[in-house]
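Okay, so here's the structure we're looking at.
The values are calculated or read from the model by the stated rules, or taken from the named source; none is laboratory data. None of the values given here were measured: they were computed from a predicted structure. So basically every Cβ, Gly included, is an ideal-geometry build from the backbone, and we count neighbours across all protein chains shown. These accessible areas exclude ligands, DNA and RNA; they are computed on the full protein's heavy atoms, side chains included. Shrake-Rupley method; radii C 1.70, N 1.55, O 1.52, S 1.80 Å.
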Amino acid sequence: MAVTKMENVTLAFSREELEKVHLNLISSDEFEPIQFKDIVDDEIAGELFQGKSENPYKELYNEMTNFLKITGYKPLFDKRQVKLKENLDVEATIKRFRLMNKGVKSFLEKRNELSKKLKEYKKVLFHVKILANLNVELENLAEFRRVKLLFGRVPLRHYEALVESLLKVPILVLEVNRDESNSWIFVFTTPDFMTEAHKILQSAYFEEDKLPVDYRGTPFEVKERIESLIEITELSIKERDSAIKKVLYASKEFIDGVYSTVLAHKRVYDLANFNDATPGQNLYFISGWMPKDDVEDFGKKLDGKVLMIDKSAESIQKDKKIDVPVKLKNKGFLFQGYELITKMFGTPNYNEIDPTPYVTAFFIFMFGFMLGDIGHGTILFLFGYFMNKKGSKKFGTVMMSAALSSVFFGFMYGSVFGFEDWIPALWLRPILQINQLLVVSIYFGIGMLSFGMILNIINGFRQRNLEKAIFSAQGIAGLVFYWPSIVAVSFYFIRGNIPFNGIMLTVVLIAALIAMFFKKILGQLVSRQKVSLPKGFWVESGFGIFETLISFLSNAISYVRLAAFALMHGALFLAFWVMALMVLPSPGGGVWAIIIFLLGQLILVGLEGLVVFIQDLRLVYYEFFTKFFEASGKDFHPFLFREDDVE
């Protein structure tokens, strides 16, 4: 449950070993390359030549992928079929793919022409169906000279207003058809009034369309001809599709046989873009990141002709300012599911704590606390199960775990589909014990915020950032101010007095505020850096302290929403239940009562489930994460055979 430890792996090898080394690196599925020059001294980097060259398999790969795109075929990649040692006749394979492409391209080009015609025919059919009631030759509509004709549609809600607005202007509107939302109209006007006519029509949201005047005959006659053309065109398209499939089936065995090998050759030489070489190109270097746990096993696969040097990411970062990619390592489907919540906000940098395990615990608790209901939780669990099987597995995991929390708190609250008198509450009734619910919400929030500050302190020490760990508002100084303040305020409201010496408490709080105000200077002193005040230091620090005091209060109060949504659940159910009871005595009231009840259940499960999920995210992201989580990392992207396999 942490960020995977990374090591920098650098390999030195001769030109003869290039393909074998690259194949081993890609086959490991755990190597992200970087430029070797980025991790060595500038003097050494200046002596190296980039080993980048034209990929000899690029043309073959392009011909192969063109054929696969046209046919829509997706062959399976099998590492076991990769045989770099066997000579691949590149020219012969290119020629065969070119012949295959030539065959399918002719069918494809004709198919595209037919598809274009089909689209045009369907558009014409749409219009002639609208004009089907007119007994007029369509080509005659293009022969008006002294009158301008427009054709289009107006939303029904604007049609009457448009007609009234045209009574005193030289515009005539003729409605030819209607559908569910539009009125299709002819607009006649004089040529010199066209500009004003367009303005008036635009105010009524008129959308002009093109009349099919290129077709001879009445709309009904054109309709019959177009329907026949559409049928013939669709059959022709199916014939072209069938021809393309025949070419594919005839070549399928050949494609399956060479696909993995061609792809592997191409990717092996793609990786060469990261190679650097000595001036005589006798020795090649490639460097990249690999999880520490995989380095030893990878080294065993190399022979004596390849030299491997591995260094920890921490030692590389001491010498070079370089970002180490992050691979999260969370065991179990539950924590892996909640990586979705973490990564929606951002990826932790290499020197940060992965917050996923803590997010899991807090998110599950808060969701159930806000939406505690056995029945609704069960429905949400089934929804999560469906998403896990048919949609996003991670989102499904999040929903199932949150729903189980909802069921658990349903027992705590004694709530089943909103009814709170079916079973006894194991803890409390939210609508009856509001004060207790509010207290638990606020103190849970205080605990969650405090834990975030503790994580910030740990991150600060891990990053050797003493200003962040000790003197920041989320560091030790912030905790020294926050905790005594919370204890003092709590005792004052509960017992009417403060359990500390007032002078001592004041001294501690002022000392903490001073430390936070001068955090820049104090951080420089303890880090043995030259003390220098940044521009605008006094104003920035002053506003920073003011913002800190406000946020300490507002962040804790923000957790009142936990209690508010727990109360809202019961109140919403009660509102729908009362409405159902009100209509029950009326004629047919039983049916209406059932409809209102089911509608209420739908809103409670759907809308409230969505709102609670969003509020849960808000508390995690904007209250908890802002205390410690920088989210400035970049994901680990290993160099794989298939580029689309990278997450």
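Out of all the residues in region 59-80, is one or more polar (S, T, N, Q) and in contact with a Ser or Thr (Cβ under 7 Å, 6 or more places away or on another chain)? No, the conditions are met nowhere in region 59-80. Select from region 175-195 the residues that are surrounded by 15 or more Cβ atoms within 10 Å (Cβ to Cβ) and under 19 Å from HIS127 (Cα atoms) and list them in ascending order. Result: VAL176, ASN177, ASN182, SER183, TRP184, ILE185, PHE186, VAL187, PHE188. In summary, GLY280 fulfils each of the numbered conditions (1) touching a helix residue (DSSP H, G or I) at 6+ places or on another chain (Cβ under 9 Å); (2) farther than 30 Å from ARG98 by Cα with the single exception of condition (1).
For region 543-567, a residue qualifies if it is among the aromatic types (Phe, Trp, Tyr) and surrounded by fewer than 19 Cβ atoms within 10 Å (Cβ to Cβ), and the qualifying residues are PHE543, PHE546, PHE552. Annotation note: Cβ proximity below 7 Å between a residue of region 407-425 that is free of Cβ contacts under 8 Å to residues at least 24 places away in the same chain and a residue that is in a loop (DSSP other than H, G, I, E, B) and open to solvent by 30 Å² or more (accessible area, probe 1.4 Å) (sequence gap 6+ or interchain) occurs for GLY414/GLU420; GLY414/ILE423; GLY414/PRO424; GLY414/ALA425; GLY414/ARG429.
The residue that is nearest to MET366 (Cα to Cα), counting only those in region 549-563 that are hydrophobic (A, V, I, L, M, F, W, C) and touching a residue at least 40 places away in the same chain (Cβ under 8 Å), is LEU562. Scanning region 414-437 for residues that are over 19 Å from ALA575 (Cα atoms) and either open to solvent by less than 30 Å² (accessible area, probe 1.4 Å) or of a type in the set (D, E, K, R) (or both) yields LEU428, LEU437. Scan region 401-411 and give yes if some residue there is part of a helix (DSSP H, G or I), within 21 Å of ALA571 (Cβ to Cβ), hydrophobic (A, V, I, L, M, F, W, C) and more than 33 Å from the chain's Cα centre (by Cα), otherwise no. Yes, there is a match, as at least one residue in region 401-411 is part of a helix (DSSP H, G or I), within 21 Å of ALA571 (Cβ to Cβ), hydrophobic (A, V, I, L, M, F, W, C) and more than 33 Å from the chain's Cα centre (by Cα). The residue that is surrounded by the most Cβ atoms within 10 Å (Cβ to Cβ), among those in region 137-156 that are at pLDDT below 80 and not polar (S, T, N, Q), is LEU138.
Say whether the condition of being out of contact with any helix residue (DSSP H, G or I) (no Cβ under 6 Å at 6 or more places or on another chain), free of Cβ contacts under 8 Å to residues at least 12 places away in the same chain, surrounded by fewer than 16 Cβ atoms within 10 Å (Cβ to Cβ) and part of a helix (DSSP H, G or I) is met by at least one residue in region 164-174. There is at least one residue in region 164-174 that is out of contact with any helix residue (DSSP H, G or I) (no Cβ under 6 Å at 6 or more places or on another chain), free of Cβ contacts under 8 Å to residues at least 12 places away in the same chain, surrounded by fewer than 16 Cβ atoms within 10 Å (Cβ to Cβ) and part of a helix (DSSP H, G or I). Restricting SER532, SER527 to residues that are of a type outside the set (Asp, Glu) and in contact (Cβ under 8 Å) with a residue 24 or more places away in the chain narrows the list to SER527.
Every listed requirement among (1) at pLDDT below 85; (2) surrounded by 12 or more Cβ atoms within 10 Å (Cβ to Cβ) is met by LEU114 save one, (1). Residue pairs whose Cβ atoms lie under 7 Å apart, separated by 6 or more positions or on different chains, with the first residue in region 440-467 and at positive phi and the second among the acidic types (Asp, Glu), do not occur.
Residues of region 312-328 that are modelled with pLDDT under 90 and open to solvent by 60 Å² or more (accessible area, probe 1.4 Å): GLU314, LYS318, ASP319, LYS321, ASP323. From the list LEU302, LEU334, LEU263, the one residue that fits, being among the hydrophobic types (A, V, I, L, M, F, W, C), assigned to a helix (DSSP H, G or I) and open to solvent by 10 Å² or more (accessible area, probe 1.4 Å), is LEU334.
The set of residues in region 179-199 that are of a type in the set (Gly, Ala, Ser) and part of a strand (DSSP E or B) contains only SER183. Restricting attention to region 350-402, the residues that are touching a residue at least 60 places away in the same chain (Cβ under 8 Å), open to solvent by 10 Å² or more (accessible area, probe 1.4 Å) and among the small types (Gly, Ala, Ser) add up to 1. Pairing each residue of region 249-264 that is farther than 14 Å from PHE77 by Cα with any residue that is open to solvent by less than 50 Å² (accessible area, probe 1.4 Å) and at pLDDT 90 or above, provided the two are 6+ apart or on different chains, yields C-beta distances under 6 Å for SER251/MET100.
Consider GLU540 carefully, then state whether it is over 23 Å from ARG618 (Cβ atoms) and among the acidic types (Asp, Glu). Yes.
Scoring LEU513 on the criteria (1) in a loop (DSSP other than H, G, I, E, B); (2) more than 36 Å from the chain's Cα centre (by Cα) leaves a single failure, condition (1). With a requirement of 2 or more residues that are open to solvent by less than 20 Å² (accessible area, probe 1.4 Å) and touching a strand residue (DSSP E or B) at 6+ places or on another chain (Cβ under 8 Å), the helices (runs of 4 or more DSSP H) lying completely within region 10-108 that satisfy it span 18-27. Here PHE573 meets the list (1) of a type in the set (Phe, Trp, Tyr); (2) at pLDDT below 85; (3) open to solvent by 30 Å² or more (accessible area, probe 1.4 Å) almost entirely, failing just condition (3). The single condition among (1) in contact with a helix residue (DSSP H, G or I) (Cβ under 8 Å, 6 or more places away or on another chain); (2) open to solvent by 70 Å² or more (accessible area, probe 1.4 Å); (3) more than 30 Å from SER315 (Cα to Cα) that PHE461 does not satisfy is (3). When region 454-509 is filtered for residues that are outside any helix (DSSP H, G or I) and out of contact with any Lys or Arg (no Cβ under 9 Å at 6 or more places or on another chain), the ones remaining, listed by number, are GLN463, ARG464, ASN465, GLY496, ASN497, ILE498, PRO499, PHE500, ASN501. No other residue among ALA425, ALA361, ALA403 is farther than 30 Å from ASN465 by Cα and either modelled with pLDDT of 95 or more or out of contact with any helix residue (DSSP H, G or I) (no Cβ under 9 Å at 6 or more places or on another chain) (or both) apart from ALA403.
Going by the structure shown, is ALA488 under 20 Å from ALA571 (Cβ atoms), surrounded by fewer than 22 Cβ atoms within 10 Å (Cβ to Cβ) and aliphatic (A, V, I, L, M)? It is false that ALA488 is under 20 Å from ALA571 (Cβ atoms), surrounded by fewer than 22 Cβ atoms within 10 Å (Cβ to Cβ) and aliphatic (A, V, I, L, M). Whether any residue in region 624-645 is among the small types (Gly, Ala, Ser), at pLDDT below 85 and open to solvent by 30 Å² or more (accessible area, probe 1.4 Å) is what I want to check. No, that holds for no residue. Within region 494-522, the set of residues being surrounded by 14 or more Cβ atoms within 10 Å (Cβ to Cβ) and closer than 14 Å to TRP483 by Cα comprises ILE498, PHE500, LEU505, VAL508, LEU509, ALA512, LEU513.
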